[in-house]
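K.L.:
Quick one: structure below, then a few questions.
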Amino acid sequence: MKNIVGKFFFVLCMALLLSCPAPSAYAKDLSGDLEIFSWWAGDEGPALNALIELYEKQNPKVKIINATVTGGSGVNAKAVLKTRMLGGEPPDSFQVHAGQELIGTWVEAERMENLASLFKDEGWLDAFPKGLVKLIGTDKGIWSVPVNIHRSNVCWYIPANLKKWGIEVPKTWDDFFAVAPKLKAKGIVPLALAQNWTANHLWESVALASLGPDKWDALWSGKLAFDSPEGIRAWELFGKVLEYTNDDASSLSWQQATDMVVDGKAAFNIMGDWAAGYLNTTKKLAPVTGFGWAPSPGTGGEFIFLADSFGLPKGSPHKDNALAWLRLLGSKEGSDAFNPLKGSISARVDSDLSKYNDYAKSAAKDFGKDRIVGSLAHGVTANEGFMNDFASVMEMFLKSKNAAVTGKAAQQVATKNKIGR
Ligand code: GAL
């Protein structure tokens, strides 16, 4: 009898323990530091600052260290993060893309804390789309909190400039090739490009147009080889597109390439919709009238998606403060303060669209009806090992413009980094 009561008591305690939030998740009256690590510096900062302000209001005794390392798409930040993580000096919380950048890199290396109980306590399993939760989870847990949904395949332009030049937004790459020589003849760069990561960014839009969404997905599931005839054709098309970009691309930031469009030096730019944040929040241009957008040529009805998220690394020095940060990021209030400034839409299904501008409203509509595929350049489809190697493959292509050799090299790094396995 004593034994049965003992067993019952044990089971009851376990049940209570499992159903209760982790004690630190509800720690009150927090103090000390909170170091947040990201690449949202300078022009990329306003949305992050809105979150920081909210956090400071909720936790006035916590001192936030906003550790940013400049460089679009985290080109520099990710290297610094790696050094810190491997050196045993993780920040309290860091920016990481949902998908393979998180799972195939940090989760696989067992460097992240499991946030499954936080998701359960906050009711987030229903607040975020199931597909997104899958991208930040494994059978062992959930590993980060998504803050947004960005679209990668967007073509930006200034309506007044197009009117002045008498040109339309190209729906396909053939449309683009029809107008590009005319623009060039007027001394206008048809397509603005920046440093090398933006070439990867452009490549994914071009490759999607060339392959179509099923074959794009097949590249990442390992069912289609990069050196297949279709894979090589994508590089050929990319090479043709590059003929209409600016020569000084490698020395420009993505904002400077966007500026070329704003200043009328270039007609179009293909960039993620953080450009909408930049054009609206920083450049004070109104969507529709001040700046325009369309799916990148040949990708109408398709949405290359990515999501920024923040995780809790093992050994985070101020775990309670970091958990409060993550709770704010995942909340409706946090999300709807951050995203209207960022150019992204909320990752939550219940966001208040009245707080968003016309660009974001159109992105939300497309996200609800388009075919969704993952971004390579922003961490969804491949781990960091592949992304780093792919950057070298891209370097090689930018110099050689040899599609067949590049397709082979891309397949080699895909095999090396176990893409699709
Ligand atoms: C992406 C990131 C965006 C934006 C962009 C440019 O990788 O997801 O939020 O910061 O880089 O830096």
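K.L.:
Just one of the numbered conditions (1) within 13 Å of the ligand (Cβ to nearest atom); (2) on the phi < 0 side of the Ramachandran plot is not true of TYR157; which one?
P.N.:
(1)
K.L.:
So which residues in the range 259-304 are within 15 Å of the ligand (Cβ to nearest atom) and among the charged types (D, E, K, R)?
P.N.:
ASP259, ASP273
K.L.:
Output the residue which, of all residues in the range 89-105 that are among the charged types (D, E, K, R) and over 24 Å from GLY374 (Cα atoms), is nearest to the ligand (Cβ to nearest atom).
P.N.:
Looking at the filtered set, the residue picked out is ASP92.
K.L.:
Please specify each residue of the range 26-51 satisfying the condition of being away from the ligand (no atom under 16 Å from the Cβ) and either in contact with a Ser or Thr (Cβ under 7 Å, 6 or more places away or on another chain) or modelled with pLDDT of 95 or more (or both).
P.N.:
Across the range 26-51, the qualifying residues are LEU30, SER31, GLY32, ASP33, LEU34, GLU35.
K.L.:
Next up: Going through the range 305-321 one residue at a time, which ones are more than 16 Å from the ligand (Cβ to nearest atom) and among the hydroxyl-bearing types (Ser, Thr, Tyr)?
P.N.:
Once the filter is applied, which keeps residues that are more than 16 Å from the ligand (Cβ to nearest atom) and among the hydroxyl-bearing types (Ser, Thr, Tyr), the range 305-321 yields only SER316.
K.L.:
Looking only at the range 261-304, which residues are crowded, with 22+ Cβ neighbours inside 10 Å, under 17 Å from GLY72 (Cα atoms) and of a type outside the set (Gly, Ala, Ser)?
P.N.:
ASN269, ILE270, MET271, ASP273, TRP274, TYR278, LEU279
K.L.:
Having 1 or more residues that are touching a Lys or Arg at 6+ places or on another chain (Cβ under 7 Å) is the bar; report the strands (runs of 3 or more DSSP E) wholly within the range 242-324 that clear it.
P.N.:
302-306
K.L.:
Just one of GLU56, GLU108 is surrounded by fewer than 21 Cβ atoms within 10 Å (Cβ to Cβ) and without any contact (Cβ under 8 Å) to a residue 12 or more places away in the chain; which is it?
P.N.:
Just one listed residue meets the conditions, GLU56.
K.L.:
Name every residue in the range 215-241 that is hydrophobic (A, V, I, L, M, F, W, C) and outside any loop (DSSP other than H, G, I, E, B), in order of residue number.
P.N.:
Of everything in the range 215-241, those that are hydrophobic (A, V, I, L, M, F, W, C) and outside any loop (DSSP other than H, G, I, E, B) turn out to be TRP216, ALA218, LEU219, TRP220, ILE232, ALA234, TRP235, LEU237, PHE238, VAL241.
K.L.:
Only residues that are closer than 22 Å to ARG327 by Cα and touching a Pro at 6+ places or on another chain (Cβ under 8 Å): list them for the range 82-103, please. Don't jump to the end; show me each part of the working.
P.N.:
Pass one, the range 82-103, residues closer than 22 Å to ARG327 by Cα: 90-99, 101-103.
Across the range 82-103, the qualifying residues are PRO90, PRO91, ASP92, SER93, PHE94, ALA98.
K.L.:
Take the residues in the range 195-217 that are touching a residue at least 40 places away in the same chain (Cβ under 8 Å) and in contact with an Asp or Glu (Cβ under 7 Å, 6 or more places away or on another chain); name whichever of them is farthest from ASN76 (Cα to Cα).
P.N.:
Across the range 195-217, the extreme among qualifying residues is PRO213.
K.L.:
Right, ARG371: in contact (Cβ under 8 Å) with a residue 24 or more places away in the chain and in contact with an Asp or Glu (Cβ under 7 Å, 6 or more places away or on another chain) or not?
P.N.:
yes
K.L.:
Quick check on the range 373-403: of everything there that is over 11 Å from ALA414 (Cβ atoms), more than 15 Å from the ligand (Cβ to nearest atom) and charged (D, E, K, R), which residue is nearest to the chain's Cα centre (by Cα)?
P.N.:
In this case the residue turns out to be GLU395.
K.L.:
In addition: Does the range 345-353 contain at least one residue that is in a helix (DSSP H, G or I) and either of a type outside the set (Val, Ile, Thr) or within 15 Å of the ligand (Cβ to nearest atom) (or both)? Can you show your working first?
P.N.:
First pass over the range 345-353, keeping only residues in a helix (DSSP H, G or I): 353.
From the residues that got through so far, the ones that are either of a type outside the set (Val, Ile, Thr) or within 15 Å of the ligand (Cβ to nearest atom) (or both) too are 353.
Yes, the range 345-353 has at least one match.
K.L.:
Something else: Looking at the range 69-84, which of the residues that are aliphatic (A, V, I, L, M) and surrounded by 21 or more Cβ atoms within 10 Å (Cβ to Cβ) is nearest to LEU376 (Cα to Cα)?
P.N.:
Step one: of the range 69-84, the residues aliphatic (A, V, I, L, M) are 69, 75, 77, 79-81.
Going one step further and asking which of them are surrounded by 21 or more Cβ atoms within 10 Å (Cβ to Cβ), we end up with 77, 81.
Numbers: ALA77: 18, LEU81: 20 Å.
This residue is ALA77.
K.L.:
Moving on. When GLY131 is evaluated against the numbered criteria (1) under 24 Å from TRP220 (Cβ atoms); (2) within 16 Å of the chain's Cα centre (by Cα); (3) crowded, with 16+ Cβ neighbours inside 10 Å, which criterion, by number, is the only one it fails?
P.N.:
Condition not satisfied by GLY131: (3).
K.L.:
If you go through the range 322-339 one residue at a time, do you hit one that is within 16 Å of the ligand (Cβ to nearest atom), closer than 23 Å to SER93 by Cα and charged (D, E, K, R)?
P.N.:
No: the range 322-339 contains no residue that is within 16 Å of the ligand (Cβ to nearest atom), closer than 23 Å to SER93 by Cα and charged (D, E, K, R).
K.L.:
Looking at the range 372-383, can you tell me whether even one residue there is of a type in the set (Val, Ile, Thr), part of a helix (DSSP H, G or I) and either surrounded by fewer than 18 Cβ atoms within 10 Å (Cβ to Cβ) or in contact with a helix residue (DSSP H, G or I) (Cβ under 8 Å, 6 or more places away or on another chain) (or both)?
P.N.:
no
K.L.:
Only residues that are in a helix (DSSP H, G or I) and either at pLDDT below 95 or more than 16 Å from the ligand (Cβ to nearest atom) (or both): list them for the range 53-77, please.
P.N.:
Correct list: GLU53, LEU54, TYR55, GLU56, LYS57, GLN58.
The values are calculated or read from the model by the stated rules, or taken from the named source; none is laboratory data. All of these numbers come straight from a predicted model, not from anything done at the bench. Note that each Cβ is placed from the backbone with ideal geometry, even for glycine, and that neighbours are counted across all protein chains shown.
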